[in-house]
Amino acid sequence: MNEARALLRHTDGVNSEGRVLLFFGVLLLGGSYLLYSTDVLSGGRFVVRLAAIYLLLMSIVLCRTNKPTAVSLCVLAVLACCILSIILYESESVNLIVIVLIGLCFRRYGIRTLLGVAAAVVSVLFAAYFFLLIVGLIEPVVYSVGNRTRNTLGFSNVNQGALFFLSVFVFPLVFYGKTKWCLAAIISSAILFSVTDTRSVLLFSAAFVAFYFVFGRFSRFHNGRGALFFSEAILLATFFGSLCMGYFDNPILDGLSSGRVSMASDLVNSFTLQDWLFGYGQPVWIDNSYLKILASCGLPGTLCLLAFLAVSMRGLSVTGNAERLAFLCASLVLGVLESVLFRPEIMISIIFWGIVFCGPESSKNSSGGGAEGDSAPRVTSGLHPRSKHLLRFRREGCIGCDEEPDRS
């Protein structure tokens, strides 16, 4: 928590009032997921969502920073799709609106504030969960399905509990000693998998670790081109794999995915031309983030989001942020089996879209003189190895860099 508070304090001239509103807006989203998924609360979810939107909007209004905020054509196109979706489908578009708003908010404040807020909110939510568990408001239930024994951890659905605790992977993005925090997150996810028997946990953890070492190796040569190619290949594979899933209703794959393949097939086959262009317009219950976004805003809006994501990956590849890039790609893989990326009340989704919207900013900073301070000069020849190590952490915007690098 000390490191998270340091990240919240160490921002480029951003006022504390805006950061406080940002913190409580994100806390309200994450807290609503905890309280409603555990049936502690039952009504008023839409009102809570509107209150969180209000806090996020006010945090943008109160944000005073010296750096300009550029909005790309992709973001404008997504906003246009949001407005059209609101006109056509009203409340069904709230998730997309909150995602874009979260992204623009964190893009305004920067990556350091994003990580600080996320780490602080996750810590508060974990403390709140164990408090509710101790006082008896949350009661875990153990049940068996076939040869699988699963613990709901007090959530109405066992997958909801697994997604809640997967937000532990925010800590390797924040603190020093990333390998130690990665190991702690892996151990936590292994315990979570043994309790809940949720395959998504195992998939996300394995993907994050694999991508972390792959991108860490790619960042050492070819100026990040290898990492860029690999990450965009994952983006295309997961997106087109989700679309093709709807056309391959295989019983074996359907059994391994717990019925997700047949659900995807039914949804894709029910799409009309209007649905492909403007969205489905009805509540869709499917464990696939890509199809969920497609059903909400149509193919044009989905492609705009994917294009903006590709631009963000380029920024992260150039600056050599292996941890953030690994988190994005692991979330994309998880999105094939869960609708987590289209649920802005889940902390993984908040962190994911915050990194996506901050990604292009990292690309600009890497060319020199960015306000966020994510990149320092790459000239490291002649430096002591310890100096190179410190310079690398300063470039990645980690804790302990209380002063900006001298760019004079």
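Observations, loosely collected:
- Shape analysis of the stretch 133-232 places it in the prolate category; the axes a ≥ b ≥ c from the Cα gyration tensor give an a/c of at least 1.5, with a/b above b/c.
- Here the calculated FRET efficiency for GLU139 and VAL61, from their Cβ-Cβ distance with R0 = 60 Å, stands at 0.90, rounded to the nearest 0.05.
- Pair LEU50, ALA210: separation of 7 Å Cα→Cβ label points (nm): 4.5 nm
Where a number appears in this text, it was derived from the coordinates with a stated rule and is not lab data. Owing to the predicted nature of the structure, the values given are computational and were not obtained by experimental measurement. So basically every Cβ, Gly included, is an ideal-geometry build from the backbone, and we count neighbours across all protein chains shown.
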